[in-house]
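One structure is given here, and the rest of the page talks about it.
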Amino acid sequence: MSLADHRLGGTKSTETTLPAAAAGSRKGTKTHTDTGGGRRRRPRHHAEGLEAGKRSTRTLLWILLAAAMILYGFPFLYLLFTSFKTPIDTIAVPPTILPREWTLENYTNALGRSGVLASFINSTQTAIISTVLSLVLAVPAAYGITRYKTPSGRVFIMAALVTRMVPPVAIGIPLASMMSAAGLADTPIALSIAHTTISLPLSIWLMSSFFEAVPQDLEEAATVDGCSRLGALWRVVIPVVSGGIAVTAIFAFLASWNEFLFALLMTAVRSQTTPVVIANFQTQFGLDWGSMTALAAVYSIPVIVLTLLLQRKIVAGMTLGAVKG
């Protein structure tokens, strides 16, 4: 064999080997790709499982929310439907949810009674005074407790919470005697002070949690700019916690608006509130359920409207401090 033939044979052998190697390389690459593809399928199945779990949790939460709405909303709906029933339907046995005959007679009778309009004015006046007193006292108290963090402050806020556990009837009669001795019997001022004793502990506790969510760097920056401690509170801190103040005001207003025992003990004629007037709706046959439910439905309108008007502030106050930057 000549030298040229030997070189030609070596070249052919090399050309034969290279395609085989390339084919093996492509096969190995394909195998590797398939293996990699198999590995990528596992997280996809895992993500689908997580998504299914989230959907199940979301469905369960919606079911619980619907159950809570039915639990809390049905009594009010039943009250509302009863207010449109005839007097015979209100005492029917077994009772019906929807009226057999819709009528506005109960609203006419309830709103036409003497003293109803005056009771609305008394309830509004008492609730506003009580809410203002609660905020005026709770804001500086809560600010001092959260900023100075003294042991006496912690004892004070715990003592304020303990007073919420005292039954109102235990302090109702002594309060009525004190107001009578002070010459404030049967006045909205006396009832507002009594209602403040109910709402103030909760107001202090709520405002303390809202002030805790405000970083002290804001006040320090205001102090550097020349503000006093009181100026920093008024110009910087209060605007930040305005949502929390709205939440506290709603709770204080509701505590006074719906209160019955103190109003029964401390009022006679001049300053009677609407809950006491509703309780006095009676006929020769017993309670006038139609008029009672009609006036109760009307009495709930101001609170619903107030809540709707302040809902953005309420949501902002509830989420205050939930996210910290």
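So, in segment 89-102, how many residues would count as being of a type outside the set (Gly, Ala, Ser) and more than 35 Å from the chain's Cα centre (by Cα)? Spell out the reasoning first.
First, pick out the residues of segment 89-102 that are of a type outside the set (Gly, Ala, Ser): 89-91, 93-102.
Imposing the further condition that a residue be more than 35 Å from the chain's Cα centre (by Cα) reduces the set to 89, 91, 93-94, 100-101.
Matching residues across segment 89-102 total 6.
Can you tell me which residue within segment 112-127, out of those that are free of Cβ contacts under 8 Å to residues at least 40 places away in the same chain and in a helix (DSSP H, G or I), is surrounded by the fewest Cβ atoms within 10 Å (Cβ to Cβ)? Here the residue is Gly112. Listed by first and then second residue, the pairs linking a residue in segment 61-81 that is closer than 18 Å to Tyr299 by Cβ to a residue that is part of a helix (DSSP H, G or I), with Cβ atoms under 8 Å apart and 6 or more places separating them unless they lie on different chains, are Phe76/Ser300; Leu79/Thr293; Leu79/Ala296; Leu79/Ala297; Leu80/Thr293; Leu80/Ala297. Quick check on Arg100: is it outside any helix (DSSP H, G or I), of a type in the set (Lys, Arg), open to solvent by 30 Å² or more (accessible area, probe 1.4 Å) and without any contact (Cβ under 8 Å) to a residue 24 or more places away in the chain? It is true that Arg100 is outside any helix (DSSP H, G or I), of a type in the set (Lys, Arg), open to solvent by 30 Å² or more (accessible area, probe 1.4 Å) and without any contact (Cβ under 8 Å) to a residue 24 or more places away in the chain.
Residues that are in a helix (DSSP H, G or I) and either more than 27 Å from Ala160 (Cα to Cα) or open to solvent by 30 Å² or more (accessible area, probe 1.4 Å) (or both) within segment 207-221 comprise Ser209, Glu212, Gln216, Asp217, Leu218, Glu220, Ala221, listed in sequence order.
Just a yes or no: is a residue in segment 190-203 farther than 28 Å from Leu161 by Cα and either open to solvent by less than 20 Å² (accessible area, probe 1.4 Å) or over 21 Å from the mean Cα position of the chain (by Cα) (or both)?
From segment 190-203, those farther than 28 Å from Leu161 by Cα are none; that's our starting set.
Scanning segment 190-203, I find no residue that is farther than 28 Å from Leu161 by Cα and either open to solvent by less than 20 Å² (accessible area, probe 1.4 Å) or over 21 Å from the mean Cα position of the chain (by Cα) (or both), so the answer is no.
The values are calculated or read from the model by the stated rules, or taken from the named source; none is laboratory data. The structure presented is a predicted model; accordingly, all values stated were derived computationally and were not measured. Positions of Cβ are backbone-derived with ideal geometry, glycine not excepted, and every protein chain shown enters the neighbour counts. The accessibility values were calculated without ligands, DNA or RNA, using every heavy atom of the protein model including side chains. Shrake-Rupley method; radii C 1.70, N 1.55, O 1.52, S 1.80 Å.
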